[in-house]
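Encoded as structure tokens, the structure appears first; notes follow it.
Nothing in this text is a laboratory measurement; each read-out follows from the coordinates by a stated rule. Please read these numbers as outputs of a predicted model, since none were measured by experiment. When we count neighbours, we look across all protein chains shown, and the Cβ atoms used for this are built from the backbone with ideal geometry, even at glycine.
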Amino acid sequence: MQTKLSESPKEIIYAIDQAKKQREISISEFFTKNRHLLGFDNPLKSLSTTIKEGVDNALDACEESRILPDLKIEINQVSEGRFAVIIEDNGPGIVKEQIPKIFGKLLYGSKFHKLSQTRGQQGIGISAAALYGQLTTGKPIKITSKIGKGKPSHYYEIHIDTSKNEPEIIKDIEVDWNGDHGTKIELQMEGKYQKGKRSVSEYLKHTAISNPHVNLSFKEPDGTKTEYLRVTNTLPVEPREIKPHPDGIELGILIDMLKNTNSRTLQSFLCTEFSRVSSNSARSICEKANLYPNARPGRIAKQEADKLLGAMRESKFMAPPTNCLSPIGDKLLEGGLKKEIDAEFYTSVTRPASVYRGNPFMVEAAIAYGGSLNRESPVELIRFANKVPLQYQQAACAITRSVSKTAWKQYGLHQSGSNIPVGPAVIVVHIASVWVPFTSESKEAIAHYPEIIKEIKLAVQECGRQLNKFVRKQHKVKDEAKKKSYLEKYVPVIGEALKEILNLKDADEKRSIENLKIVLEKSRQK
Amino acid sequence: MKETVKQIKETATKIYDKINKKKKPEVSVPIRSLGNVSYDPKVGFFELKGGRKKRALTVNTIKSFAQTLKMMALSKNVVENDDIATKREAYYVSKNWGDARFKEQTESDTVMDDIEAMFMVNREQLGFIPEEKGGDIAGNLIVIDKDPSTGKEIKIDCTKFGSGAYSIPTSVEHLKFETNAKFILAIETAGMFQRLVKHNYWKKANCILISMGGVPTRACRRFIRRLSDKKNLPVYVFTDGDPYGYMSIYRTLKVGSGNAAHINKYFCVPRATFLGVTPGDIDDYKLPTHPLKDVDKKKIKDVLKNDPFVREHKEWQRALNAMQKMGQRVEQQALAAHGLNYVIDKYLPDKLKSVKKFLP
């Protein structure tokens, strides 16, 4: 090697040259160049992503502190192509010291390091919105927050230093706040406002369906005000945080966990840091991996960690606990749907929890049918992940695939090949998980895990069976009506023919008609 | 005719009584298909086996039930007034029946066929006549008809139509015949008929030529039957050499059809025999051929298996199997390959030398 290098001085010079240019890339710089990865591809989508991130955070915060959420959202047009967004909640508020970091630093958050079902996952969303606003308008994000009665409310204006990924505080004062607690954010951004498909108002409407415990008021740039009212005062079950399940763990994470654990022995590490690992199974894992159960976890070298992982993969464990999941609930999902979709028939189902790659998840589905819904167009598919509506990349999503791979003809909808069915219906699918596998960081489509696709199919099939019962009943009613009109039409013709052939008197003809109706009516009911 | 009215009244009375006893009325109709006929060469035609289907009046059958009764009422009316109605006219009468009216004539024709079968009569007895033309006649025959207005007898000499022909009327029951011809030659195609007329073949062979124009109509079948019965004439049939010519044309003329088995008794010509073109003729006369179509192959397979007529006659089984094996069919006009008048000068005289060998 040595000789080789000395023989190629040009390459050395090149390497040294390169080294001069190599430096750390700040996450904010990365975002500036790759904002499409986070859902800020164009003005239209940027505005809706901002609303989405703000609403997700507000709802997560309210639920964690068991507060029934009241949200106010306002979008005002400042000038051509520029909007001011205001999102206000009655949540627990944010401790003063945390405010700058949460809004002025990307990848800072409470949710990334724990396994529990929350809307946000990475701690990137709202600060990304702030950064986008700053990049397009130069204006800082404004935050007002109060954490309780008698506490002061703090007002901040924050600028993000993109090279350092650090907040720059522009203003920090105390202000008046009407209310006991809550957070209000205001930011300006370049954007485009539209109604209809994939719009902000559609997003909020769907949010009202999947979060029937939320009160939401929305003021659009043209002044239109919409109120979405809660249909229940019960908060959803609080999702619990769980330890990772050994089935889903990867080597890098295992090594990190080994380094950072407080456990003194390998056996107790396995028992305490993972769910569903008993001390017996921990010992047998150690045996399989040829490691001492008493070994210090921190001493396990990389190669041994590999062996340990292999032993874990070979062992069988109980499925992870499912009390970490918080479904909407079939009744409430149906209630939410009834409130926002005008149809004749509603059905819903919540499936038992299941597991993919060691992560527990749960699928819920609902169908609304008939009424004012369009009979000729493909059904509207509303997708939710952890109660958040998914508006983009429908075609790439496991939910879309599962629905189109289901044979809908047997459930009373039209379908050509493996396409989205056609008919007067709305199909809703919700997947709740401690870690929803999105295909990208902008969280728009769910990855195609076979376990997930199978569960979604089972859920929509169950709804389909209920739908079919209803559609069949409807047909029966129609048939009955048709048969009844048949009697009205043709019985008199028979009477007339008999009269012509047998020269009946009018009275006899009439009597025959009446009797024939009775005979046929009787046989019809059999 | 009065018999028909009586039957209609009886059926209607039964229905009327059932209804007023608050019971479901029903009618029974013979099943009209090849599966419900039998064939005995001594009898000479397809006879109905006993199969009948009962049609109860239910919500689902009420429309056709009402239509059948209205059609019966129309028939009674027509017969009582000594009138007639064409099938097309009957269809138009139904336009006064409100919701029970027919949408297409095929619907009213089917109902008519059902009533025929129900009473075992032919539609002329019900007062209904078809529009279809009966067929053309040329040769040594005088038909004695009546003048429709005066009732006076008219003699029609079928030798005197020149290059034209006498048309068989739709109703033939009243016709009488005078002839000294030796046989009747029934021909499938108008083209072949024209050739034979043009060259006065009937004079040469002393026969009566009849053009059937495809599957013979009821009137044509009945005409041939009455003529051959009254004058004791053999009937020879000359069609294309294909399953359609053999089974749809020849067999229907000779023994009738499965669909209208209730009237076969009157509309068959059991003494008919088959002159040609036979599968054997293809080799014997070196005739140019066409390959069998898929429908032909299917038809051969089907009749070998299901047709009581074919199952009775080994000769036909042999002929059809030979054709299936060759995979070829032949047209009447193929004889022209040896000269336009080959059929007159050679083929027909040749064939007529050995009528005993004609297919049954």
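See the values below:
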read-out: Taking chain A and dividing mean pair separation by its residue count, relative contact order in percent (alpha carbons under 8 Å, at least six apart); value: 12
read-out: For A:501-508, mean number of other protein chain Cβ atoms within 10 Å; value: 4
read-out: Ascending count of other beta-carbon atoms within 10 Å, so fewest first, for A:Ile13, B:Ile282; value: A:Ile13, B:Ile282
read-out: Where only C-alpha atoms are counted, convex hull volume of chain B per residue in Å³; value: 154
read-out: Nearest-0.05 FRET efficiency for B:Gln317 and B:Asn60, computed from C-beta distance (R0 45 Å); value: 0.60
read-out: Projected label distance in nm at B:Lys42 and A:Arg283, using a 7 Å step from Cα toward the beta-carbon; value: 10.0
read-out: Rounded, prolate or oblate (a/c below 1.5 giving rounded, otherwise prolate when a/b exceeds b/c) for the stretch B:39-88 by Cα gyration tensor; value: oblate
read-out: Euclidean distance between Cα centres, the stretch A:322-341 to the stretch B:1-69, Å; value: 62
read-out: Residue-by-residue Karplus 3J(HN,Hα) for the stretch A:32-40, coefficients 6.51, -1.76, 1.60, Hz, glycine and proline x; value: 3, 7, 10, 5, 4, 5, 9, x, 10
read-out: For the stretch B:55-208, share of DSSP beta bridges that run antiparallel, in % to the nearest 5; value: 75
read-out: Relative contact order (%) - criterion: Cα under 8 Å, at least six apart; region: the stretch A:28-193; value: 28
read-out: Cα gyration tensor category, rounded, prolate or oblate, for the stretch B:193-351 with a/c compared to 1.5; value: oblate
read-out: Residue-span extension gain [A:Lys473 to A:Asp180] - 0.36 nm each, minus C-alpha spacing; value: 100.2 nm
read-out: Average partner coverage of A:485-492, which counts Cβ from other chains inside 10 Å; value: 5
read-out: Computed Kirkwood radius, in angstrom, where 1/r is averaged over Cα pairs of chain A; value: 27.2
read-out: Averaged over B:23-34, number of beta-carbon atoms from partner chains that fall within 10 Å; value: 1
read-out: Residues with amide H under 5 Å from that of A:Ile382, placed H, sequence gap 5 or more; value: A:Ile427, A:Val428, A:Val429
read-out: Per-residue HN-Hα couplings for the stretch A:415-429 [Karplus 6.51, -1.76, 1.60; θ = phi - 60°; Hz; x = Gly/Pro]; value: 7, 10, x, 9, 10, 4, x, 10, x, x, 9, 10, 10, 10, 10
read-out: Gaussian network model of chain B, Cα within-10 Å springs - most flexible of B:Ala334, B:Ala272, B:Ala260; value: B:Ala334
read-out: Karplus (6.51, -1.76, 1.60) ³J(HN,Hα), θ = phi - 60°, over the stretch B:75-87, in Hz, Gly and Pro reported as x; value: 4, 4, 4, 5, 5, 4, 8, 6, 10, 10, 9, 6, 4
read-out: Anisotropy class of the stretch B:2-129 from Cα gyration tensor, a/c 1.5 cut; value: oblate
read-out: Positive-end residue, chain A charge dipole about Cα centroid, Cβ charges, pick of A:Leu332, A:Phe83, A:Gln98; value: A:Leu332
read-out: Order of A:Lys469, B:Lys23, B:Lys356 under a 10 Å beta carbon neighbour criterion, fewest first; value: B:Lys356, B:Lys23, A:Lys469
read-out: Euclidean distance of C-alpha centroids, the stretch A:206-264 and the stretch B:129-151, integer Å; value: 95
read-out: Residues A:Ile170 and A:Glu250, FRET efficiency given R0 of 30 Å [Cβ-Cβ distance, rounded to 0.05]; value: 0.15
read-out: Protection proxy ranking of B:320-326, B:240-246 - average other beta-carbon atoms within 10 Å, highest first; value: B:240-246, B:320-326
read-out: Spacing of the two label points (7 Å from each Cα toward its C-beta) at B:Asn20 and A:Arg313, in nm; value: 9.1
read-out: Least to most buried among A:Thr265, A:Thr183 (fewest other Cβ within 10 Å first); value: A:Thr265, A:Thr183
read-out: All-pairs alpha carbon distance profile, the stretch A:330-471, 10 Å steps from 0, percent; value: 13, 46, 34, 7, 0
read-out: Taking the C-alpha atoms of the stretch A:473-524, convex hull volume expressed per residue in Å³; value: 61
read-out: For the stretch B:277-331: relative contact order, % (alpha-carbon pairs under 8 angstrom, 6 or more apart); value: 53
read-out: Label-to-label distance, nm, for residues given as A:Glu480 and A:Ser79 (7 Å Cα→Cβ offset); value: 6.7
